[in-house]
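To keep things clear, I will list the structure first and then write my remarks on it.
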2 protein chains.
Amino acid sequence: MKHYRDLAPSIRTIMTPGPVEVDPRVLRAMSLPILGQFDPEFTDIMNEMMEMLRLLFQTNNQWAFPIDGSSRSGIEAVLTSLIEPGDRVLIPIYGRFGNLLAEISERCGAEVLTMEQEWGSVFETDDIIAKIRETSPKLVAIVHGETSTGRMQPLAGIGAACREVEALFVVDAVATIGGTQVLTDEWMIDAVIGGTQKCLSVPSGMAPITYNSRAEAKLKRRKRVERGLRDASNEAIPEGVIIRSNYFDLSQLQDYWSPLRLNHHTEATSMLYALREGVRLVLQEGLDQRFARHQLHGEALVAGLEAMGLTLFGDPACKLPMVTCIHIPDGVDGEAVRSMLLLDFGIEIASSFGPLKGKIWRIGTMGFSGSKRNVLLTLGALEACMLRQGFKAAVGKAVQAAMDTYNRRNDNE
Amino acid sequence: MKHYRDLAPSIRTIMTPGPVEVDPRVLRAMSLPILGQFDPEFTDIMNEMMEMLRLLFQTNNQWAFPIDGSSRSGIEAVLTSLIEPGDRVLIPIYGRFGNLLAEISERCGAEVLTMEQEWGSVFETDDIIAKIRETSPKLVAIVHGETSTGRMQPLAGIGAACREVEALFVVDAVATIGGTQVLTDEWMIDAVIGGTQKCLSVPSGMAPITYNSRAEAKLKRRKRVERGLRDASNEAIPEGVIIRSNYFDLSQLQDYWSPLRLNHHTEATSMLYALREGVRLVLQEGLDQRFARHQLHGEALVAGLEAMGLTLFGDPACKLPMVTCIHIPDGVDGEAVRSMLLLDFGIEIASSFGPLKGKIWRIGTMGFSGSKRNVLLTLGALEACMLRQGFKAAVGKAVQAAMDTYNRRNDNE
């Protein structure tokens with residue numbers, strides 16, 4: 001039998017738009033012994049998790065719990081539960097993850113209408129609102145923070161327009177939750193999906209979601225209790241079309257997360273421990289302080305990159321605070337720089353997708369990875385790699401510019 | 001802001017049919033720092049994981065990788081990818097998890113045919129084979145180890161019958177993988193789903209699967225590359241019906257797990273570390289030794305329970321080695337015993353579902369929970385609780401009988 005060695009991952013400074021470094025306190029939480037899923041101590045943790053997620057999502061919704069799977073599992077759970085085959089769904093797309101919303105909606109059997117905006121900018125909300133009034137969709141789904149292009153779509157006003165036409169409003173806040181304002185109730189969002197491996201600094205493997213009573217009404221129409229758990233009290237056949245997934249059926253999941261505790265999957269204990277610890281740290285830091293921290297490190301990074309002589313990609317008016325996109329300069333091999341950064345300096349930055357592949361780099365300053373230390377080390381290492389690749393960097397300027405940004409912030413406080 | 005305390009779960013001896021205690025070495029692996037998903041060090045771990053899973057599943061299949069989600073996520077990924085709406089699917093049901101296979105298949109749009117066997121027994125394989133020949137289904141799905149009743153279905157011969165009628169043969173080995181023989185290739189199983197939180201002693205949150213080239217041929221007919229990742233080389237529209245899920249689309253997942261590394265979800269890093277460590281420990285122990293250990297602790301537990309004066313549930317000829325079901329004696333409050341065991345002794349055993357709810361207890365001896373220490377402690381504690389509940393237990397006999405079983409085993413070696 002082949003000998004498999006002990007796991008010994010190298011230490012990395014992970015400056016991508018996710019996954020990012022995990023807070024050591026979250027790693028520690030995952031090493032705690034597990035509890036059984038119906039142990040009262042564990043169901044107490046589940047209830048506490050729901051309470052903490054309501055604070056994270058800034059909502060009074062009854063339902064806020066994680067889906068066991070990566071971020072897109074949360075997206076698919078929401079869309080497959082809320083879209084009935086044949087429903088008209090409007091999706092404004094301004095990057096790769098808008099395409100994912102369309103992909104998933106198509107597979108749910110929706111009649112998908114898309115609006116497309118050039119990658120690097122976002123929509124005027126008035127244009128989205130006009131389209132909603134014009135097309136009267138059953139559901140509107142949009143990405144809040146589009147990591148593929150580093151842009152953030154303003155959302156205020158869209159929820160009200162959805163209510164005019166009785167559409168549900170679904171927001172992918174995978175990249176933004178815990179890093180910048182996501183005002184679930186104030187923006188009248190009916191269902192929000194967050195991500196763990198970005199601003200929360202928890203490993204991928206869970207997707208916190210929340211939804212309100214408008215969304216729940218749709219679930220109730222489609223609810224069918226699992227075969228083998230039905231009895232005289234709950235065997236009713238639904239009025240709506242049955243949800244196409246068992247794993248992602250929110251009407252079943254909410255019974256599992258409610259005092260009913262109707263058996264569904266076996267909750268992913270250690271990931272729940274991790275999410276609880278990650279959200280606990282967010283609440284301990286304070287949402288406003290945390291958003292300000294994400295803003296600050298993004299600004300310091302931008303100052304450094306521009307001082308080095310690099311050019312940012314995209315419309316600065318809608319820049320995602322915790323993701324910075326850079327044009328790869330002519331004559332520079334983007335992948336060679338990324339590889340040198342990773343292998344010589346242990347620092348990871350990202351490339352991009354589709355039309356932007358090979359054109360831009362993306363640097364994240366998310367969650368635990370968003371620190372002064374990481375920003376300064378990354379700028380210094382990137383400058384060295386750029387020089388090595390023959391790029392005429394303004395030598396020594398980048399780190400100084402970032403330090404100036406940090407000092408100005410301190411002076412103002 | 002409310003203060004949320006540090007997580008501090010109580011220590012439990014978890015003697016349920018899953019989730020069970022996690023090996024401390026697996027817990028430790030989860031506390032390691034993460035790597036980015038396209039870091040060459042991480043993709044090496046992914047490749048190694050596939051290799052280790054092939055050994056676990058005793059298969060030469062090319063494809064063996066985990067689905068990010070609980071065990072039923074693996075079941076749904078296999079069924080939703082292999083069942084086209086309208087396909088006839090045959091499901092022999094002998095407990096709750098057979099019902100789950102039918103539930104998921106129905107939601108996939110299958111024409112579901114079921115055979116039902118009284119809970120507590122299993123099918124004659126000849127009856128299954130006759131039904132396959134009679135109904136010519138496109139797919140046959142069956143549970144190998146039915147934890148709801150503690151039974152194990154013999155599988156040899158069914159695969160050959162499936163090939164006669166060109167059906168795919170899918171096996172839910174969630175409860176048995178790593179605890180007893182699951183001969184993927186020898187039994188001609190086209191797709192197998194394993195569980196982590198049972199005999200592998202890894203937390204819930206991942207589901208290892210494997211499938212062969214017959215299953216892959218079905219995927220190829222339905223393959224559609226994700227919107228936003230398509231280009232001239234891969235934009236072909238499939239001949240078959242597109243898979244209804246993006247998250248569970250095995251044709252996309254195998255591109256992510258292949259050298260193509262076509263982006264899909266963000267792999268659940270810490271759960272993958274856990275699964276790698278769990279499977280590493282299985283391979284280190286040796287499959288045959290591990291299966292023998294599961295058999296031994298099941299036998300010792302049975303000897304103890306019978307010596308105490310309790311009666312086992314179900315046909316002993318098809319008992320699942322690592323799950324023991326007991327009739328709750330008349331006049332004993334089953335939930336009061338379970339609660340006393342948990343709260344006074346820190347030991348968890350399980351109740352059951354549907355027709356068996358309140359009728360039987362189920363005790364697991366799976367993975368790291370399957371140890372002499374745990375069996376002896378559980379028998380002693382259960383005896384004390386039974387006495388407390390007024391049951392006339394044969395006092396002091398249970399632990400002695402289990403110790404005799406262990407001693408006989410030692411004498412024979």
Margin query: I'm told B:E51 meets every condition in (1) within 9 Å of chain A (Cβ to nearest Cβ); (2) more than 22 Å from B:T180 (Cα to Cα); (3) without any contact (Cβ under 8 Å) to a residue 24 or more places away in the chain; (4) open to solvent by 10 Å² or more (accessible area, probe 1.4 Å) except one. Can you identify the failing condition by its number?
Written below: (2)
Check: Which condition number does B:S10 fail, the rest of (1) more than 7 Å from chain A (Cβ to nearest Cβ); (2) farther than 16 Å from B:R276 by Cα; (3) surrounded by fewer than 24 Cβ atoms within 10 Å (Cβ to Cβ) being met?
Finding: (1)
Next item on the list: Give the residue, chosen from A:M30, A:M46, A:M15, that is crowded, with 22+ Cβ neighbours inside 10 Å, more than 25 Å from A:W187 (Cα to Cα) and more than 9 Å from chain B (Cβ to nearest Cβ).
Entry: A:M15
Next item on the list: Sort out for me the helices (runs of 4 or more DSSP H) sitting completely within segment B:238-309 that have 2 or more residues that are of a type in the set (G, A, S) and closer than 30 Å to B:A381 by Cβ.
Entry: B:269-285, B:287-308
Next item on the list: Can you confirm whether segment B:32-48 contains a residue that is closer than 30 Å to A:E48 by Cβ, in the same structural domain as B:Q181 (by TED's automatic domain parsing), touching a helix residue (DSSP H, G or I) at 6+ places or on another chain (Cβ under 8 Å) and part of a helix (DSSP H, G or I)?
Entry: no
Next item on the list: Check A:G309, A:G331, A:G298, A:G304 and return the single one that is more than 13 Å from chain B (Cβ to nearest Cβ) and at pLDDT below 95.
Entry: A:G331
Notebook entry, point to check: So how many residues does segment A:81-95 have that are part of a helix (DSSP H, G or I) and under 17 Å from B:H265 (Cα atoms)?
Noted result: 0
Next item on the list: May I ask you to verify whether B:I142 is touching a Pro at 6+ places or on another chain (Cβ under 7 Å) and closer than 24 Å to B:F313 by Cα?
Entry: yes
Margin query: So A:D23 ticks every box in (1) more than 8 Å from chain B (Cβ to nearest Cβ); (2) open to solvent by less than 10 Å² (accessible area, probe 1.4 Å) but one. Which box is left unticked?
Written below: (2)
Next item on the list: Could you tell me whether any residue of segment A:198-208 is at positive phi, in contact with a helix residue (DSSP H, G or I) (Cβ under 7 Å, 6 or more places away or on another chain) and in the same structural domain as A:G179 (by TED's automatic domain parsing)?
Entry: yes
Item checked: Subset of segment B:214-223 that is touching a residue at least 24 places away in the same chain (Cβ under 8 Å) and open to solvent by 10 Å² or more (accessible area, probe 1.4 Å) - its residue that is nearest to the other protein chains (Cβ to nearest Cβ) -> B:K223
Notebook entry, point to check: With respect to the numbered conditions (1) touching a helix residue (DSSP H, G or I) at 6+ places or on another chain (Cβ under 8 Å); (2) part of a helix (DSSP H, G or I); (3) away from chain A (no Cβ under 12 Å), which one is the sole condition not fulfilled by B:T324?
Noted result: (2)
Next item on the list: Those residues that are in a helix (DSSP H, G or I) and over 13 Å from B:L305 (Cα atoms), I need them from segment B:387-403; list them, please.
Entry: B:L387, B:R388
Check: What residue, among those in segment B:78-121 that are open to solvent by 10 Å² or more (accessible area, probe 1.4 Å), in contact (Cβ under 8 Å) with a residue 60 or more places away in the chain and more than 10 Å from chain A (Cβ to nearest Cβ), is nearest to B:P154 (Cα to Cα)?
Finding: B:S121
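Name every residue in segment A:343-355 that is within 11 Å of chain B (Cβ to nearest Cβ) and either of a type in the set (F, W, Y) or touching a residue at least 12 places away in the same chain (Cβ under 8 Å) (or both), in order of residue number. Walk me through it before giving the result.
Just the residues of segment A:343-355 that are within 11 Å of chain B (Cβ to nearest Cβ), to begin with: A:343, A:346-355.
The answer is A:G346, A:I347, A:E348, A:I349, A:A350, A:S351, A:S352, A:F353, A:G354, A:P355.
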Next item on the list: Answer yes or no as to whether A:M340 is open to solvent by 30 Å² or more (accessible area, probe 1.4 Å), in contact with a helix residue (DSSP H, G or I) (Cβ under 8 Å, 6 or more places away or on another chain), at negative phi and in a helix (DSSP H, G or I).
Entry: yes
Note to self: Just to check your reading of the model, which residue among B:M30, B:M15, B:M1 is modelled with pLDDT under 95 and of a type in the set (A, V, I, L, M)?
What the structure shows: B:M1
Next item on the list: Considering each of B:I75, B:I132 in turn, give the residue that is open to solvent by less than 10 Å² (accessible area, probe 1.4 Å), within 14 Å of chain A (Cβ to nearest Cβ), in contact with a Leu (Cβ under 8 Å, 6 or more places away or on another chain) and not charged (D, E, K, R).
Entry: B:I75
Item checked: Residues of segment B:230-258 that turn out to be free of Cβ contacts under 8 Å to residues at least 12 places away in the same chain and either at the interface with chain A (Cβ under 8 Å from one of its Cβ atoms) or crowded, with 24+ Cβ neighbours inside 10 Å (or both), as a count -> 0
Notebook entry, point to check: Given the residues B:R261, B:R227, B:R276, which is the only one that is within 11 Å of chain A (Cβ to nearest Cβ) and open to solvent by 20 Å² or more (accessible area, probe 1.4 Å)?
Noted result: B:R227
Note to self: Among the numbered criteria (1) open to solvent by 10 Å² or more (accessible area, probe 1.4 Å); (2) under 28 Å from B:D172 (Cα atoms); (3) modelled with pLDDT of 95 or more, which one does B:G396 miss?
What the structure shows: (2)
Note to self: Please determine whether any residue of segment A:14-21 is in contact with a Lys or Arg (Cβ under 7 Å, 6 or more places away or on another chain) and assigned to a strand (DSSP E or B).
What the structure shows: no
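The values are calculated or read from the model by the stated rules, or taken from the named source; none is laboratory data. What you see is a predicted model, and the numbers here were worked out from it, not measured in a lab. When we count neighbours, we look across all protein chains shown, and the Cβ atoms used for this are built from the backbone with ideal geometry, even at glycine. To get the accessible areas, we keep the full protein, side chains included, count just its heavy atoms, and leave off ligands, DNA and RNA. Shrake-Rupley method; radii C 1.70, N 1.55, O 1.52, S 1.80 Å.
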